[in-house]
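The next block holds one structure in the form of C-alpha coordinates; read it before the comments.
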Amino acid sequence: MPTPRLLILIVAYNAEKTIAEVLARVPLSLAAEYHVEVLVLDDSSQDGTFQASRGVQRGGGVPFPIHVLLNRSIRATRQPEVSDTTSRSSRGFDYVALLHGDGQYAPECLPDLVRAAFVTAKPNAVFGSRMFEESERRLARRDAVIQVRRNRILSWFQNRMLGTSLSEFHSGYRVYSVAALE
Ligand SMILES: Nc1nc2c(ncn2[C@@H]2O[C@H](COP(=O)(O)OP(=O)(O)O)[C@@H](O)[C@H]2O)c(=O)[nH]1
Ligand SMILES: [Mg+2]
(Lines give C-alpha, C1' and ligand atoms only; values in the text may rest on other atoms or scores of the structure.)
(Ligands and ions follow the chains in the order given, each with its own letter.)
Protein backbone atom coordinates (compact mmCIF):
# COMPACT_ATOMS: atom_id res chain seq x y z
CA MET A 1 0.00 0.00 0.00
CA PRO A 2 1.38 3.47 -0.82
CA THR A 3 2.25 5.75 2.09
CA PRO A 4 -0.75 7.99 2.86
CA ARG A 5 -0.05 11.62 2.03
CA LEU A 6 -0.92 14.35 4.51
CA LEU A 7 -0.67 18.10 4.13
CA ILE A 8 -0.77 20.13 7.33
CA LEU A 9 -1.97 23.57 6.33
CA ILE A 10 -1.34 26.23 8.95
CA VAL A 11 -3.31 29.40 8.36
CA ALA A 12 -1.50 32.33 9.87
CA TYR A 13 -2.39 36.00 9.98
CA ASN A 14 -0.44 38.18 12.40
CA ALA A 15 0.73 35.07 14.20
CA GLU A 16 4.36 36.12 14.67
CA LYS A 17 4.29 35.38 18.40
CA THR A 18 2.85 31.89 18.14
CA ILE A 19 3.76 30.36 14.79
CA ALA A 20 7.19 29.00 15.79
CA GLU A 21 5.72 27.22 18.79
CA VAL A 22 2.84 25.79 16.77
CA LEU A 23 5.32 24.44 14.21
CA ALA A 24 7.52 23.00 16.95
CA ARG A 25 4.55 21.20 18.48
CA VAL A 26 3.60 19.28 15.33
CA PRO A 27 4.33 15.69 16.42
CA LEU A 28 7.35 14.31 14.59
CA SER A 29 5.88 10.81 14.97
CA LEU A 30 3.45 11.62 12.13
CA ALA A 31 6.32 11.17 9.68
CA ALA A 32 6.64 7.50 10.60
CA GLU A 33 3.16 6.75 9.28
CA TYR A 34 2.49 9.32 6.60
CA HIS A 35 4.22 11.31 3.93
CA VAL A 36 3.88 14.67 5.69
CA GLU A 37 4.41 18.18 4.38
CA VAL A 38 3.64 21.39 6.24
CA LEU A 39 2.49 24.56 4.52
CA VAL A 40 2.29 27.86 6.39
CA LEU A 41 -0.05 30.23 4.57
CA ASP A 42 0.47 33.86 5.47
CA ASP A 43 -2.06 36.28 3.95
CA SER A 44 -0.17 39.57 4.09
CA SER A 45 0.34 39.68 7.84
CA GLN A 46 1.37 43.04 9.20
CA ASP A 47 3.85 41.51 11.59
CA GLY A 48 6.79 39.11 11.21
CA THR A 49 4.74 35.94 10.67
CA PHE A 50 6.50 35.19 7.39
CA GLN A 51 10.00 35.77 8.79
CA ALA A 52 9.28 33.69 11.91
CA SER A 53 7.99 30.82 9.75
CA ARG A 54 11.00 31.02 7.45
CA GLY A 55 13.23 30.92 10.53
CA VAL A 56 11.75 27.59 11.59
CA GLN A 57 11.96 26.31 8.02
CA ARG A 58 15.67 27.21 7.79
CA GLY A 59 16.35 25.71 11.20
CA GLY A 60 15.49 22.29 9.76
CA GLY A 61 15.70 19.30 12.05
CA VAL A 62 12.21 17.99 11.30
CA PRO A 63 11.55 14.84 9.26
CA PHE A 64 9.21 16.61 6.80
CA PRO A 65 9.40 19.62 4.51
CA ILE A 66 8.01 22.95 5.69
CA HIS A 67 6.82 25.34 2.99
CA VAL A 68 6.00 28.96 3.65
CA LEU A 69 3.71 30.82 1.30
CA LEU A 70 3.20 34.58 1.43
CA ASN A 71 0.07 35.79 -0.29
CA ARG A 72 0.64 39.45 -1.04
CA SER A 73 -2.84 40.24 -2.28
CA ILE A 74 -5.31 41.87 0.08
CA ARG A 75 -7.10 39.42 2.33
CA ALA A 76 -10.45 38.60 0.81
CA THR A 77 -12.04 36.96 3.83
CA ARG A 78 -11.36 36.41 7.47
CA GLN A 79 -12.02 32.71 7.22
CA PRO A 80 -9.54 31.09 4.87
CA GLU A 81 -10.57 27.56 5.82
CA VAL A 82 -11.83 26.21 2.53
CA SER A 83 -10.22 28.67 0.18
CA ASP A 84 -8.92 28.19 -3.32
CA THR A 85 -5.44 28.01 -1.88
CA THR A 86 -6.45 25.08 0.31
CA SER A 87 -7.63 23.04 -2.62
CA ARG A 88 -4.81 24.16 -4.91
CA SER A 89 -2.02 23.42 -2.47
CA SER A 90 -3.49 20.12 -1.33
CA ARG A 91 -3.46 18.51 -4.76
CA GLY A 92 -1.58 15.22 -4.71
CA PHE A 93 -2.31 14.68 -1.00
CA ASP A 94 -4.95 12.36 0.42
CA TYR A 95 -5.95 14.55 3.36
CA VAL A 96 -5.31 18.11 4.44
CA ALA A 97 -5.30 19.00 8.14
CA LEU A 98 -6.03 22.59 9.03
CA LEU A 99 -4.27 24.08 11.99
CA HIS A 100 -4.46 27.64 13.30
CA GLY A 101 -1.25 29.64 13.53
CA ASP A 102 -2.42 31.31 16.74
CA GLY A 103 -2.14 28.04 18.66
CA GLN A 104 -5.84 27.83 19.42
CA TYR A 105 -5.87 24.12 18.57
CA ALA A 106 -3.31 21.76 20.04
CA PRO A 107 -1.01 20.28 17.37
CA GLU A 108 -0.54 17.30 19.72
CA CYS A 109 -4.04 16.13 18.77
CA LEU A 110 -3.14 15.78 15.08
CA PRO A 111 -2.24 12.06 15.22
CA ASP A 112 -5.71 11.19 16.62
CA LEU A 113 -7.58 13.34 14.10
CA VAL A 114 -5.51 12.10 11.19
CA ARG A 115 -5.83 8.47 12.24
CA ALA A 116 -9.61 8.89 12.23
CA ALA A 117 -9.34 10.09 8.63
CA PHE A 118 -7.07 7.35 7.33
CA VAL A 119 -8.14 4.34 9.36
CA THR A 120 -11.91 4.56 9.14
CA ALA A 121 -14.05 4.42 6.01
CA LYS A 122 -12.45 7.35 4.18
CA PRO A 123 -14.60 10.16 5.60
CA ASN A 124 -14.93 13.46 3.71
CA ALA A 125 -13.94 15.33 6.84
CA VAL A 126 -13.02 14.82 10.47
CA PHE A 127 -13.88 17.60 12.93
CA GLY A 128 -12.09 18.10 16.19
CA SER A 129 -14.51 18.88 19.02
CA ARG A 130 -13.99 20.78 22.26
CA MET A 131 -17.45 20.00 23.54
CA PHE A 132 -16.95 16.94 25.65
CA GLU A 133 -17.83 17.03 29.35
CA GLU A 134 -14.22 16.84 30.33
CA SER A 135 -13.23 19.99 28.44
CA GLU A 136 -15.85 22.06 30.25
CA ARG A 137 -14.65 20.79 33.60
CA ARG A 138 -11.08 21.68 32.76
CA LEU A 139 -11.94 25.26 31.80
CA ALA A 140 -11.22 27.40 34.81
CA ARG A 141 -12.08 30.84 33.43
CA ARG A 142 -15.70 31.94 33.75
CA ASP A 143 -15.86 33.57 30.30
CA ALA A 144 -14.49 30.38 28.77
CA VAL A 145 -17.27 28.40 30.42
CA ILE A 146 -19.84 30.86 29.06
CA GLN A 147 -18.33 30.52 25.58
CA VAL A 148 -18.59 26.76 25.76
CA ARG A 149 -22.25 26.97 26.79
CA ARG A 150 -22.99 29.44 23.97
CA ASN A 151 -21.21 27.17 21.52
CA ARG A 152 -23.26 24.19 22.75
CA ILE A 153 -26.57 26.02 22.37
CA LEU A 154 -25.68 27.24 18.86
CA SER A 155 -24.51 23.76 17.86
CA TRP A 156 -27.78 22.31 19.18
CA PHE A 157 -29.81 24.64 16.91
CA GLN A 158 -27.60 23.98 13.92
CA ASN A 159 -27.88 20.24 14.41
CA ARG A 160 -31.67 20.59 14.56
CA MET A 161 -31.67 22.54 11.30
CA LEU A 162 -29.39 20.19 9.41
CA GLY A 163 -30.39 16.89 10.98
CA THR A 164 -26.83 16.28 12.12
CA SER A 165 -25.39 15.31 15.48
CA LEU A 166 -22.07 17.13 15.72
CA SER A 167 -20.97 17.82 19.28
CA GLU A 168 -19.46 21.09 18.02
CA PHE A 169 -20.17 23.13 14.89
CA HIS A 170 -17.61 25.83 15.52
CA SER A 171 -14.38 23.93 15.64
CA GLY A 172 -11.74 25.12 13.22
CA TYR A 173 -9.79 21.93 13.75
CA ARG A 174 -10.57 19.89 10.66
CA VAL A 175 -9.10 17.26 8.42
CA TYR A 176 -10.53 17.27 4.90
CA SER A 177 -10.35 14.61 2.22
CA VAL A 178 -8.71 16.24 -0.79
CA ALA A 179 -11.02 14.33 -3.13
CA ALA A 180 -14.01 15.79 -1.28
CA LEU A 181 -12.55 19.29 -1.47
CA GLU A 182 -12.12 18.95 -5.22
N1 LIG B 1 -3.73 32.70 5.99
C2 LIG B 1 -4.66 33.36 6.70
N3 LIG B 1 -4.80 33.10 8.00
C4 LIG B 1 -5.75 33.77 8.69
C5 LIG B 1 -6.59 34.74 8.09
N6 LIG B 1 -7.43 35.23 9.05
C7 LIG B 1 -7.12 34.58 10.18
N8 LIG B 1 -6.11 33.70 9.97
C9 LIG B 1 -5.51 32.77 10.92
O10 LIG B 1 -6.50 31.80 11.14
C11 LIG B 1 -6.59 31.47 12.51
C12 LIG B 1 -8.00 31.74 13.00
O13 LIG B 1 -8.25 33.10 13.04
P14 LIG B 1 -8.99 33.78 14.27
O15 LIG B 1 -9.09 35.22 13.96
O16 LIG B 1 -8.32 33.38 15.55
O17 LIG B 1 -10.45 33.13 14.12
P18 LIG B 1 -11.26 32.20 15.12
O19 LIG B 1 -10.30 31.49 16.02
O20 LIG B 1 -11.99 31.26 14.22
O21 LIG B 1 -12.15 33.12 15.84
C22 LIG B 1 -5.54 32.28 13.23
O23 LIG B 1 -4.43 31.45 13.49
C24 LIG B 1 -5.18 33.38 12.26
O25 LIG B 1 -3.79 33.67 12.35
C26 LIG B 1 -6.41 35.02 6.69
O27 LIG B 1 -7.07 35.84 6.08
N28 LIG B 1 -5.43 34.30 6.06
MG1 LIG C 1 -8.49 32.03 17.01
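The values are calculated or read from the model by the stated rules, or taken from the named source; none is laboratory data. It should be emphasised that the depicted structure is a prediction, and the values quoted were computed from it without experimental measurement. Using ideal geometry, Cβ is built from the backbone for each residue, glycine included, and neighbour counts are taken over all protein chains shown.
Observations, loosely collected:
- Scanning the stretch 142-182 for residues that are within 16 Å of ligand 2 (Cβ to nearest atom), part of a helix (DSSP H, G or I) and touching a helix residue (DSSP H, G or I) at 6+ places or on another chain (Cβ under 8 Å) turns up just one, Val148.
- Residues in the stretch 47-78 that are among the hydroxyl-bearing types (Ser, Thr, Tyr) and at pLDDT 90 or above: Thr49, Ser53.
- Residue that is within 10 Å of ligand 1 (Cβ to nearest atom) and modelled with pLDDT under 90, where the choices are Glu136, Glu81: Glu81
- Among (1) modelled with pLDDT under 95; (2) within 8 Å of ligand 1 (Cβ to nearest atom); (3) touching a helix residue (DSSP H, G or I) at 6+ places or on another chain (Cβ under 6 Å); (4) under 28 Å from Glu182 (Cβ atoms) - the single one Ser87 does not satisfy: (2)
- Hits in the stretch 82-119 - residues which are assigned to a helix (DSSP H, G or I) and within 16 Å of ligand 2 (Cβ to nearest atom): Pro107, Cys109
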